[in-house]
Amino acid sequence: MRTEAARFLRAAPPAARVAFDDEPTRRWLEYRPEARPGAPLSDLDLDTRKAAHRMLATALQPHAFAQAMTIVSLEEVLDRKEGYRRGRHSDDYYVVVFGDPAHDARWGWRFEGHHLSVTITLDGDTIYPTPVFFGANPNTVSYGDIPVVRPLALEEDLGYAIVRSLDPATRSRVVVARAAPPDIYSGPTGKTAGNIQPLGVAVADLPSGPADLTRQLLAVYQDRLVVPIEVDAEALHFAWQGSTEPGGGGHYYRIQGPDLLIEYDNTDNGANHAHTVLRRPASDFGGDVLTAHREAHH
C-alpha cells in the first residue's frame, strides 16, 4: 500500500493530498453522486489513473476488485438508461491520500464515487479497512430473462437462501418488517448511528442450515478485503425486511454484532438498485487512532 500510494502521489494533483488530522475530510462516506474531496480520475493522466487503480487493488481481493470496476463501469450504463440527462461518467471517481505514506506512521487513502467507497486507514503495520461500500444501479442487466451483468449476485442470492431455508417459526423472528427501508440505515455518513441495534435472530440460535448460510454470507463481505476482519460469527444477529422471494419487490437484510455492521438494501428502481456496506462502528477510519496517539505522545 505504501509503495502504490507513493507512486500515485508522485504524479497526482494537489487535490489528492490532505492532512491526516483533517478529521471531517478523512471521516467521510458518500455513495451518492455528490461533490467529494480528492482528485477525480478525469483529471489524471493514464499512468496516474493506473496508479490509483493499483492502490485500490492493494485493499481488495481479485473478485472484489472486479466487482468494484464493474460498479464503476455501470455509470455509463446508467447514464444511457437515463437518456444522458445527468452526465454520469466512469471517470467521476475521486482519489485522496491522507498524510504521507512515505514517512508517516499514520496515514490513509480513499477511492470513492457513485456506489463505491473504500477507505483504508493505517497506523504503522495496523490496517483499518472499513468502511467499504459497494452499490449497483442497475443491480442486474439482463438479456431477456438471462442476467448479463450482476456485480452483487452473491450478496443477494445468499441472503435469499438464508430466508428460504428457515422454518416458519424461525422465519417469523428473522423477518422483522414486511416492507424494506428505502436505503441502508447507516446512510452516507462518516459516523454510524448509535441507535442501529441488532434485530432478528442470533446466528448461534439459528438451525444449522441457515446458520451455515449466514456464515457464508458473512464471509462474502469479509473476503472483499485483503486484510482479514476477525469477528465472532455466533455473536452476530441476522434480520430481514421486505419481500422474501426473488422478484417480489424491495428487500433488506442486516448482519450485526460487536463492532460489525453489514447492510444490504435493494428497493429503488423496481428493486434493481442495490446498496451494501461493511462497517466496524468502533473501528471505522481507524477508530480513535489519532486521539490515542495525541494522548500517548503529547
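Selection of the stretch 54-77 for residues being within 14 Å of the chain's Cα centre (by Cα) and closer than 12 Å to Tyr93 by Cβ yields Leu56, Ala68, Met69, Ile71, Val72.
Of all residues in the stretch 181-193, those satisfying the criterion of being open to solvent by 30 Å² or more (accessible area, probe 1.4 Å) and not polar (S, T, N, Q) are Pro182, Asp183, Tyr185, Pro188, Lys191, Ala193.
Among the strands (runs of 3 or more DSSP E) lying completely within the stretch 93-172, list those that include at least 3 residues that are of a type in the set (Val, Ile, Thr). Break it down into steps so the answer makes sense when it comes.
Values: elements: 93-98, 106-113, 116-123, 126-128, 132-136, 141-143, 146-149.
Because the criterion is at least 3 residues that are of a type in the set (Val, Ile, Thr), the strands (runs of 3 or more DSSP E) in the stretch 93-172 that meet it are 93-98, 116-123, 146-149.
Can we say Tyr94 is modelled with pLDDT of 95 or more, under 16 Å from Ala68 (Cβ atoms), touching a Phe, Trp or Tyr at 6+ places or on another chain (Cβ under 9 Å) and open to solvent by 10 Å² or more (accessible area, probe 1.4 Å)? When the stated conditions are applied, Tyr94 passes them. Considering each residue of the stretch 47-61 in turn, at least one proves to be of a type in the set (S, T, N, Q), open to solvent by less than 50 Å² (accessible area, probe 1.4 Å) and either on the phi > 0 side of the Ramachandran plot or in a helix (DSSP H, G or I) (or both). With respect to (1) modelled with pLDDT of 95 or more; (2) within 19 Å of Val118 (Cβ to Cβ), the lone exception for Gly242 is condition (2). Of the residues contained in the stretch 194-201, one or more are found to be modelled with pLDDT of 95 or more, of a type in the set (A, V, I, L, M), in a loop (DSSP other than H, G, I, E, B) and open to solvent by 60 Å² or more (accessible area, probe 1.4 Å).
The values are calculated or read from the model by the stated rules, or taken from the named source; none is laboratory data. Fair warning: this is a prediction, and the values are worked out from it, not measured in the lab. Here the Cβ is made from the backbone with ideal geometry for all residues, glycine too, and neighbour counts use every protein chain on show. The accessibility values were calculated without ligands, DNA or RNA, using every heavy atom of the protein model including side chains. Shrake-Rupley method; radii C 1.70, N 1.55, O 1.52, S 1.80 Å.
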